[in-house]
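The values are calculated or read from the model by the stated rules, or taken from the named source; none is laboratory data. Keep in mind that what you see is a predicted model, and the values were worked out from it rather than measured. Note: ideal-geometry Cβ built from the backbone for every residue, glycine included; neighbour counts use all protein chains shown. SASA here: full protein model, heavy atoms, side chains in, ligands and nucleic acids out. Shrake-Rupley method; radii C 1.70, N 1.55, O 1.52, S 1.80 Å.
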Amino acid sequence: MDSVVEDEKKHNQRLEETMKIFEDGGDQCLQKTIKIKKRPPRCHDDDDEWGCVQEKKKPRMKKMMDKARCPSPHATPELPVILRNRIKALGGSDVAFVIQKPLFKTDVSPGHNRLSIPLNQMQQSFLTPEESERLNSGGNGKKCADMEVMLIEPSLHRETISLRKWNMKKASGNSTSMYVLVTKWNSVRRRNSMKEDETVQLWSFRIKSKLGFALVKRRLQDDPRNRSLRGILDS
């Protein structure tokens, strides 16, 4: 038992000598060998006045908090009340959000005369199996099959327009598909002062099972033709 006590005393003595070397700024190699890690104190908000160093939040936690504060980009928006009432007055139902997208250069080009609806950006399908089969039965371009549908414009004007499906091959060998609104799109674009990069929403509905669409300009206050719709949508 005495030998155990003696060994413990020697150990404590060596430890005190080592710590003294650190305090006196002695053996630099020994200081590099032994590393003492200090954890910063955990503080409360009211401890700042005492000079206490607060722990920094981890970047991952900050991202999670920011994500919780920001609404999802895929959240379903609200259809303007005035358009919802117009659809209802026409006997429409089954209103569904299809897509929100910026207008591309080709969407506002008079030479193209069409609004593209990329399949990979759609929130949900709007066709019945029979309608889908019909649009898939044709070829490409002007030879492809089409459907006449009603379009309620942002100005609330009603237009009959053609819906088609285009399948296009890429240089890589893969193919991409999109729906397009054609034939009278230039008239719709001019009436509603459609501009490149402007954000629009497309909604689908049914009148006695017949397909129709409603088009919304997201920043309505920028368009003097839509004064009656101002304030319905958030900017």
In region 87-133, anything basic (Lys, Arg), open to solvent by 80 Å² or more (accessible area, probe 1.4 Å) and out of contact with any Asp or Glu (no Cβ under 6 Å at 6 or more places or on another chain) is listed as LYS88
Considering only residues of region 90-136 that are basic (Lys, Arg) and not in a strand (DSSP E or B), which is nearest to the chain's Cα centre (by Cα)?
-> LYS105
Expected output for region 110-135 (first residue within 14 Å of ASN167 (Cβ to Cβ), partner in a helix (DSSP H, G or I) and among the polar types (S, T, N, Q), Cβ below 9 Å, 6+ apart or cross-chain) is SER116/THR106
For region 160-213 the number of residues that are basic (Lys, Arg) and either assigned to a strand (DSSP E or B) or open to solvent by less than 10 Å² (accessible area, probe 1.4 Å) (or both) is 5
Starting from region 171-187, take each residue that is at positive phi and list its partners that are part of a strand (DSSP E or B) and open to solvent by 30 Å² or more (accessible area, probe 1.4 Å), counting only C-beta distances under 9 angstrom and pairs at least six apart or across chains.
-> THR183/ASP146; THR183/GLU148; THR183/THR160
Does region 142-156 include one or more residues that are within 18 Å of PHE126 (Cβ to Cβ), at pLDDT 75 or above and open to solvent by 70 Å² or more (accessible area, probe 1.4 Å)?
-> yes
